[in-house]
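*Asks:* Below you'll find the structure I mean.
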Amino acid sequence: MPRSKTFEHVFDEKTLFNIHKLESGGYIGKLLGPVGTGKESYIFYSTDPNGREVAVKVHRHDINAFKRIPTYLRLRGTRSSGFIKRINDWTRYEFAFQSRAFSMGIKTPEPYRVYENLIVMQFIGGDCVSAPQAIRDTDFDINAWYDEIIGSIVTMGKKGLIHGDLSPYNILNYQGKPYIIDFSQAVKLTSLTKGYLLRDIRNINAWFEKLGKSTITDEKDLLGEIDQTL
Ligand SMILES: Nc1ncnc2c1ncn2[C@@H]1O[C@H](COP(=O)(O)OP(=O)(O)O)[C@@H](O)[C@H]1O
Ligand SMILES: [Mg+2]
C-alpha cells in the first residue's frame with residue numbers, strides 16, 4: 001500500500017522498514033497523518049484491521065534522545081549499548097510500564113503492540129483528532145480530576161511504578177476524564193528514584209493550586225501513603 005509521500009521524509013530507513021513490518025503484518029493500516037510531535041517522538045493516527053482507531057508512537061532515531069536516555073535505562077536496570085538497540089529498549093520499557101499501569105486500571109491508552117521503536121496503542125480522541133492536552137482544555141471537574149490523578153499516582157506508587165513526567169502536557173482531556181499518556185520516562189520506585197515521584201506529586205499539586213483547588217493533599221502524606229519507608 002503506498003504511503004503518503006509527506007510522511008516519508010521524517011523517517012529514517014530503519015523506521016520506514018519497521019512501519020512496513022507492522023503494516024504488512026496486518027497490525028496497522030496506512031499511517032494517516034501526524035497527530036502530535038514531541039521532543040523525541042512523532043505520534044501518528046492509523047486504524048487496525050478491525051477499523052479501530054489506533055495511535056502509533058514512533059521514537060525517532062535521534063542523537064538527542066540517544067544522549068538523554070542512558071540515565072533512564074540505567075535507572076531501569078539495563079545497560080544496552082548502540083544507537084538502535086538503546087532506542088528499542090527505551091520503547092520497550094515505555095510499552096511495559098504503560099501496560100502495567102493499564103492493567104492496574106489507570107486511565108491510559110491501552111497499549112496494543114511494541115515493535116522496535118514503535119508503539120501501537122488505543123487512540124484517545126475521535127475522527128482523526130486527538131483529545132486536547134489538559135493544559136489547553138481545563139473544562140473539567142477540578143475536584144474529581146484531582147482525586148483521579150492523585151489516586152493514579154498512589155495506585156502506581158504502591159505497586160512500585162512512577163510515571164516520571166506527569167504534568168498537564170501528558171494528560172489528555174477525553175470525554176471529561178483525565179487520560180495519562182507518555183510513559184517514556186517511567187521508572188520503578190526505589191530509594192534512588194524517589195525524587196521523580198516527588199516531582200510528579202509537586203507538578204500535579206502546583207497545577208491544581210493554580211487552577212484554584214482549595215484542598216491539596218500534602219506531599220509528605222502522599223509519600224507516606226505510598227511507601228512508609230520513603
Ligand atoms: N494514544 C494517543 N491518542 C491520541 N493522541 C495521542 C496519543 N498519544 C499521544 N498523542 C498525542 O501526541 C502528543 C505527544 O505524545 P507523547 O506521548 O506525550 O510524546 P512525547 O514523548 O514526545 O512527549 C500528545 O500530546 C497527544 O497530542
Ligand atoms: Mg509528552
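No value in this document is a laboratory result; all are computed from the given coordinates. Keep in mind that what you see is a predicted model, and the values were worked out from it rather than measured. Counting neighbours? That spans all protein chains shown, and the Cβs are built from the backbone with ideal geometry, glycine included.
*Asks:* Look at the range 147-195 and say how many of its residues are among the polar types (S, T, N, Q) and over 13 Å from GLN98 (Cβ atoms).
*Replies:* Residues that pass the stated criteria total 7.
*Asks:* Show me the strands (runs of 3 or more DSSP E) found entirely inside the range 109-206 where at least 2 residues are surrounded by 16 or more Cβ atoms within 10 Å (Cβ to Cβ) and of a type in the set (Phe, Trp, Tyr).
*Replies:* 111-115
*Asks:* A further question follows. Among the residues of the range 168-192, count how many are under 18 Å from the mean Cα position of the chain (by Cα) and closer than 20 Å to TYR93 by Cα.
*Replies:* Count: 13.
*Asks:* Give the residue, chosen from GLN175, GLN133, GLN185, that is polar (S, T, N, Q) and in contact with a strand residue (DSSP E or B) (Cβ under 8 Å, 6 or more places away or on another chain).
*Replies:* Sole residue among the options that is polar (S, T, N, Q) and in contact with a strand residue (DSSP E or B) (Cβ under 8 Å, 6 or more places away or on another chain): GLN133.
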